[in-house]
Structures are given as structure tokens and as C-alpha cells.
């Protein structure tokens, strides 16, 4: 998942590339959301107690719908304009990674069985989270939900984050909302994390700027891709014994993976057999993305009856709750969502920095940043009481 | 070296009260010729405040080179609260320091207080606001404008301001009903009563009352408020402190067409 250790690396070497933003400062901003990644998170986190997740009467999981509904309405209420992009077919190169994930899942399933027999509740909860997988139907359900909420939703031909990045590059959206750092490797101009975090977590939005990232690291766009491959991406293995810090040092010294391989002691640092770094590089440079030209984005009012039909009748959500969300979204359409930003009249702002005074934010920021990098699991549950919907 | 003394220290207290609700941290700029100024936006970039105290509005003003000082406004307000309304206030900062000093002197010089506020190095976003001719300029008593905004906010969330030959109409709609307030031009000379409307073309725009209400925190600074409007442009609400400076607020209008979003 993502690029290993990139956040921590950036907070140390390119702190200027990361900025904490308030959730409210995304008012009137269009954001392409990597929906598939978030569905997975919701399945792990939303409404879980032990092994129990939210389900309807038929026993079908509804955590993904619950999560999407609440977080989407939070964004709409803040005047944010989300666009959902779903994964299409995985790229063939991801096969290795996917097989690995499947192995891990099977391993976890076996361990889960053992833990269940041993009656170890803590282990059961931990392991059951690892067995989560998102089915095509669940993905389609979320897409249906998005459409009923009046939000533009697209299925990418391949990886969702690559299409999100393409939308951002084309100026169709302001930023890409994801927790997956490889979106930055796809050269999305702006990546926003924590947009889909629950309100109760009170996490500020963490914004990454692509130009400042590569400038801060002192790399070219191609070198940045090589760095990400060396750190560890979804598509191929890495050189053993080379972590993010060493990777940055090597790239700066030698300029590319080919040159690094010539220079380093491959006995000491063995590269993977038949290492397909060039293929991974190509995937990052020229990913298969949706044609984003000529797309006209619009946000409609939620289809209340459609939502009730889908969520209440099929999925046994509480009706007053669904109607409550609709009412809040409708109100926001009159309120926050109908508000222009000043930039749309006066143009983009320029940054003015203090000439004197202490920059105290720097230290705390890097501290927080590296923590965010290590703590990859979203804690999405704190705001919710476990309750059958 | 920056040093500026304001005999009427209460002005600085009022200025701060009128921005601290909108902005948490801001960069104040001290300029050798222009004076002491600030521009800042609220977190959602819907409203902007621009204030300036002219160099010659101060009893004493010295600024050797431009300085940009980041301050937490809530903390600055805490310190300025300790000054009495009659006190003279002097601000001081070194070119390479990391504090700004405030000195409060009572009128008879029998009490002198020194406060030092730690500065912050922050990045703030500035917009380049073009000089435009506005279609409508309204001058009215600031207390009246405050009254209208707070009254209408009890009924609805937004106010439609429409200006025509008839006058200025402020209207809102809420769950409990509607409200309309119309003001007509008068021929008073007294700024506490005068209402004047310069009309180039009729304007009809809608704004969020929440922001307008926070702008009226500047009411104690001036008896008169100047409101400028043009179709498709943010509203400007300006309070002028004669001979000292001004504070101007900008607010982006609401999108009229419901389907446009």
C-alpha cells in the first residue's frame, strides 16, 4: 500500500512540501477521491466491535456504505465538492503484490481460526481486520450511493489514484483525496490526506505539494519515481537493506536506479531477481488513465427517495438517519456549498512570510509528520457506537 | 528597528477586536513609508480583512526597513486588554528579534506597563485586490448597519442586498418567515445619521450574514460605514478612522443560481 516511509522521509527532507490545512479551508474545492482505497478502510474500521461489523438482516456487510454516507455528508456540509474514482482492473505488474496480499490474508484467516478456538478476543479482532477484502459488488454499491448523493463517480480503467492524479493535472480538481502516497508518485500536483477522516478524530488535512516535494528533495520528476520504487511501491520489490533514507542518498549520488546498480555492492545489497523496476517506472510515468478531457463535473441535490429505497429498504439503515443526512446536505447546498471563495474573484494568493520571529511549527510538524507516516491505520471508529444500521 | 506610538491607544485595541474573530494568526507588516498594515483571510477563504494605520497617523513612527511580524491575534488581544482605554500604546520590535514589545502609558505617566509578545514565523496568503470602480457606494451610520445585520441574522442565514433608485433593501428568509429592511437616502450632514447612496447601476447580491456580523465588530472604530457593491464582485465594508487609517472587509457573494454548483 503506497510508498513505504515516504511521509516520514518528506517531513525530514522536504518539510516545505507538507502543509496542515483546516478542513474548512477546502470550501468550494473540487477534490478527486480515491474511493476504492477508502472503502477498504471503512470495511476495517467503521462500526467494528471485535469480529462484528455492520450488517443488514441478510448478513451483508454495510460498513462501507455507512462510512461513505457519513464522510461524504461531512464533506458536502463543509462545501467541499468531491468526485469519486473507483479502481478498474489492477495493472498486471501489481500481480505480485496482490498475490502477496492474498497470502497474507490467507495466513491471517488461518491464524484467525486458531485465535477463535483459543478464545483470544484481542487477536480475533486484530486478525479479522486483516482478512477484510472488498468485493466488486461492494464497490458498485458505493458507486450507486455516490450517484444517489448527487456526486460525480467514475470507474478508472486501471488504478483509481492514477486517474485522480490525471484529473488534478488537468485542473479538473484542486487536489486528490487519498491516504495512498503513491498518488504523489503519479505526479498529482496536490495530495490531501485525512479528508475522509471522521470528524471526531479532529485531524487537520495534510496537504502535499508535488512541485515542492521534488524541489525539496532536490530531485527531478524521474528521479522521484525511482526513489519511490526504491522505497517500496505496489508494483515491484526493492533492494534488500536499502530503506527510504539510503534510497534518497543513493538517488542523489547516482541519479537513477541503473546507475545505482552499477555502483553499489550487489553482494551486500542484493537487488530482487529479474527486477522489473523499469516496468514499475513506466507504470508511474504513463499509467493507464481515464480520458479526462471534456468531462463536465456537476453536483446535484441528493435523491432522497432513491437513498431511502436503497439504504433503508435494502440495507436496513434507520430511515430518520438517512433523511437527516439528506436534509443536512440540502441545507449545505444553500449554505456552505453555494459560497464562492475570494480567489475566484481576485486570483490565487501569494505567500508572505514573517521576516522575524521563531518558526516553532517546524519541529512539531516533522514530529507529527513522521508519526502520521508510521501510523497508517485509520482510527475511524471512535465517533461511532456500534449499532446495527 | 520599528517603533510606533499611538496616543489614542484605544484605537489599536478596537482594531484588534475587529479582526480577531475572523483570523487566528496573521502577519502584520511595518513599512517605512506606508505604515502598519495587515491583510488576512478566514480559513475558508470567503472573507478577507485589510487594515492599515498610516505612518503619519501615529504620534511617533519609525521603521528602518520593512518588517513582517507573525502574531497570534488571540494572544495579542490578551495583552492589549491590559491597556486602559486612555493609555497611549507604543509598539517596538528589533530587526532581528523574536518579540514585539507593547508599552502602555497612562495619561499622567504615573503608570507604565511593558508587555512582550513572542512572534511567530508564519506564512500567510495575500490576495492582490484590483482597484475597481464599484457600481454602488453606500454610506450609512455604522450602528445602523450593525443593527440590520444582527436583526436579520436572527431570522435567516443569508441577506440579499439590492440597491435601486428606491434605496437599499436588505432581505432574508428563514424557517420562521421573511424580513425586509429598506433604507432611503437622506440629507443629513451628521455622520451618525447620514445615509447616502451613489448608484451607477442597480445591484442585487446575496451574502452570508455570519461574516457580515463579524465585520460589524469594527463598529466602535467609526460612526460611519462605507459599503461598496458591484455585480459579480465581493462586497467591501469599510470603516475609516479619520487621519489614522482604515479597516476594510471583503466578502465573496453566494452563488445565485441553484443549479450552478
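Each value in this text was obtained by applying a stated rule to the coordinates, not by laboratory testing. Please read all numbers here as calculations on a predicted model, not as lab measurements. Ideal geometry is used to build each Cβ from the backbone, glycine not excepted, and the neighbour counts take in all protein chains shown.
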- Note on the structure: Going from the fewest other Cβ atoms within 10 Å to the most, one would list B:246, A:269 as A:269, B:246
- Query: How big is the C-alpha Rg of region A:14-218 next to the rule-of-thumb value 2.2 N^0.38 Å, as a ratio?
  - Reply: 1.08
- Once both label points are put 7 Å beyond Cα along the C-beta direction, the residue A:274-residue B:106 separation in nm becomes 8.9 nm
- Task: Treat region A:239-279 as a sphere of radius equal to its Kirkwood radius over Cα pairs and apply Stokes-Einstein at 10 °C in a medium of 1.306 mPa s; give the translational diffusion coefficient in µm²/s, rounded to a whole number.
- Result: 151 µm²/s
- Taking a ≥ b ≥ c as the square roots of the eigenvalues of the Cα gyration tensor, with a/c under 1.5 meaning rounded and otherwise prolate when a/b exceeds b/c and oblate if not, chain A is oblate
- Query: What whole number of Å gives the distance from the Cα centroid of region B:104-167 to the Cα centroid of region A:186-201?
  - Reply: 34 Å
- Task: Send over the per residue convex hull volume for region A:219-288, Cα only, as a whole number of Å³.
- Result: 76 Å³
- Task: Among A:40, A:235, rank each residue by its count of other Cβ atoms within 10 Å, from fewest to most, as a rough exposure measure.
- Result: A:40, A:235
- Item | Sequence-separation-based contact order of region B:8-94, relative, with Cα cut under 8 Å and 6+ spacing, percent | 40 percent
- Would you tell me the mean number of C-beta atoms belonging to other protein chains that fall within 10 Å of each C-beta in B:44-51, as a whole number? 5
- Message: What is the distance in Å between the Cα centroid of region A:93-130 and that of region A:280-349?
- Response: 34 Å
- Message: I'd like the mean, over residues of A:306-317, of how many other protein chain beta carbons sit within 10 Å of each residue's own Cβ.
- Response: 0
- Task: Label region A:21-98 by shape, choosing from rounded, prolate and oblate, from the square roots a ≥ b ≥ c of the eigenvalues of the Cα gyration tensor; if a/c is under 1.5 it is rounded, and otherwise prolate applies when a/b is larger than b/c, oblate when it is not.
- Result: oblate
- Item | Cα-based Kirkwood hydrodynamic radius, region B:192-256, one decimal, Å | 13.0 Å
- So the pair-distance distribution of the protein assembly as shown, from every Cα-Cα distance in 10 Å bins, comes to percents of 3, 13, 21, 22, 19, 13, 7, 2, 0, 0
- Which value in deg cm²/dmol, rounded to the nearest 500, describes the helix-derived mean residue ellipticity at 222 nm for the protein assembly as shown, given -39,500 (n - 2.57) per DSSP H run of n ≥ 4 and division by the residue count? -9500 deg cm²/dmol
- Could you calculate the FRET efficiency of residue A:20 with residue A:344 from 1/(1 + (r/R0)^6), where r is the beta carbon distance between them and R0 is 30 Å, rounded to 0.05? 0.80
- Calculated log₁₀ intensity ratio I(q)/I(0) where the Debye formula runs over C-alpha points of region B:111-261, q = 0.11, 0.12, 0.15, 0.16 Å⁻¹: -0.49, -0.57, -0.84, -0.93
- How big is the Kirkwood radius of region B:143-213, worked out from every pair of different alpha carbons and given in Å to one decimal? 12.8 Å
- Give, in nm to one decimal, the length gained when the segment between residue A:314 and residue A:116 is fully stretched (0.36 nm per residue of separation minus the Cα-Cα distance). 68.2 nm
- Task: Averaging sequence separations of C-alpha pairs under 8 Å and six or more residues apart, then dividing by the length of chain B, give the relative contact order as a whole percent.
- Result: 20 percent
- Message: Taking a cut-off of 21 Å, what percent of all Cα-Cα pairs in region B:2-118 are separated by more than that?
- Response: 34 percent
- When DSSP beta bridges are limited to those with both residues in region A:14-218, what percentage is antiparallel, rounded to the nearest 5? 45 percent
- Message: Quick check: from the Cα gyration tensor, does region B:63-150 come out rounded (a/c under 1.5), prolate or oblate?
- Response: oblate
- Query: For B:76, A:68, what ranking results if the residue with the fewest other Cβ atoms within 10 Å of its Cβ goes first?
  - Reply: B:76, A:68
